[in-house]
Amino acid sequence: MKVGFIGLGSMGSAMAERLLQAQYDVTVYNRTAARAQALVSQGARHASQIADACRGDAVFTMLADDGALESVVFDEGGILSSLPKGTVHISSSTISAALAERLAVEHQKRGQHFVSAPVFGRPEAAAAGKLFIVAAGAKDALEKCAPLLEAVGQKTFHFGDNPSSANLVKISGNFLIASVIESLSEAFALLGKAGVEQRQFLDFLTSTLFNAPIYKTYGTLIIDKKYTPVGFAAPLGLKDVRLALSAGENLRVPLPLGSLIRDRFLTLLANGGESLDWVAISCVSAESAGQKAA
């Protein structure tokens, strides 16, 4: 099967590499062409333009936000005008439900298929093929891309035939992760101010009441103040919380915690945190408590 892959950031590069390791014929495209070189050295074909990545059986997109995906899809020479009938566009980007709905309609008009398949996991999980994937779309399209999703993730969860459902799941999941980061940050600030050993508390927490990988992963990052290298950039965290708030507004669902976390991200970015991992919002709680954050 021939596969195109558009968007070679940390996550996209790792996913494309997994497809190569699974022996797929992969053509890669990135706006900054130099990012494709590592994959080309492993056997990928380099696409000099978007259309060249759309000549196979499916094309993945893994892009930062709605604007980036809209440009790649709708601009002249983009995916919509280049993808053959019957071919699947698999969007793994974290985008708004509204854009997913628009993409589903526009692809259908042209006899193309659209599947939303956003992923959960940091770049190291992507490199190890340990992503969790949430997918939604027409049954025949999901069946066609199932082997591709199996190559990049450890398990795929299906959420029906409406692609935007998968995007709402992804947005809600990232909102919950941000909430975990915020709640851990506040608890660590409280304990740190009292002189209680934070790492001992985390060991207790993850061995008893909160025995889940996310608490161990993000609790450790917070305690170690590991804000670089970036696994998920703080501006993207702000973007995802805004997506949750927008979805809540559209559906008339208040998300008061989302508003608080949005302000945490805004505070971090206002103080120079653009290039830090999103776990760096823990700095805001620490500094509010009068503690040295980094």
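Values computed for the structure shown
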quantity	calculated
One residue from 148, 184, 80 being outside the structural domain of residue 55 (by TED's automatic domain parsing) and either small (Gly, Ala, Ser) or assigned to a helix (DSSP H, G or I) (or both)	184
Matching residues in the stretch 218-240 - criterion: being surrounded by 12 or more Cβ atoms within 10 Å (Cβ to Cβ) and more than 20 Å from residue 187 (Cβ to Cβ)	230, 231, 232, 233, 234, 235, 236, 238, 239, 240
Subset tally (residues that are more than 15 Å from residue 148 (Cα to Cα) and either small (Gly, Ala, Ser) or part of a helix (DSSP H, G or I) (or both)) for the stretch 14-49	13
Pair list, Cβ < 9 Å and 6+ apart or interchain, from the stretch 181-206 residues that are touching a residue at least 24 places away in the same chain (Cβ under 8 Å) and surrounded by fewer than 18 Cβ atoms within 10 Å (Cβ to Cβ) to residues that are of a type in the set (S, T, N, Q) and not in a helix (DSSP H, G or I)	193/291
Residue 63 vs. criteria assigned to a helix (DSSP H, G or I), in the same structural domain as residue 14 (by TED's automatic domain parsing) and within 29 Å of residue 231 (Cβ to Cβ)	no
Long-range neighbours under 8 Å by Cβ, at least six apart or interchain, first residue in contact (Cβ under 8 Å) with a residue 12 or more places away in the chain and more than 14 Å from residue 51 (Cβ to Cβ) within the stretch 65-78, second β-branched (Val, Ile, Thr) and part of a loop (DSSP other than H, G, I, E, B)	65/94; 65/95; 66/95; 69/95
Failed item, numbered, when residue 110 is tested on (1) surrounded by fewer than 22 Cβ atoms within 10 Å (Cβ to Cβ); (2) within 21 Å of residue 258 (Cα to Cα)	(2)
Those residues of the stretch 134-155 which are out of contact with any Cys (no Cβ under 9 Å at 6 or more places or on another chain), crowded, with 20+ Cβ neighbours inside 10 Å and free of Cβ contacts under 8 Å to residues at least 40 places away in the same chain, in sequence order	134, 136, 142, 153
Residue check, residue 81 surrounded by fewer than 19 Cβ atoms within 10 Å (Cβ to Cβ) and over 21 Å from residue 152 (Cβ atoms)	yes
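The values are calculated or read from the model by the stated rules, or taken from the named source; none is laboratory data. A quick note: this is a predicted structure, and the numbers were derived from the prediction, not measured. Note: ideal-geometry Cβ built from the backbone for every residue, glycine included; neighbour counts use all protein chains shown.
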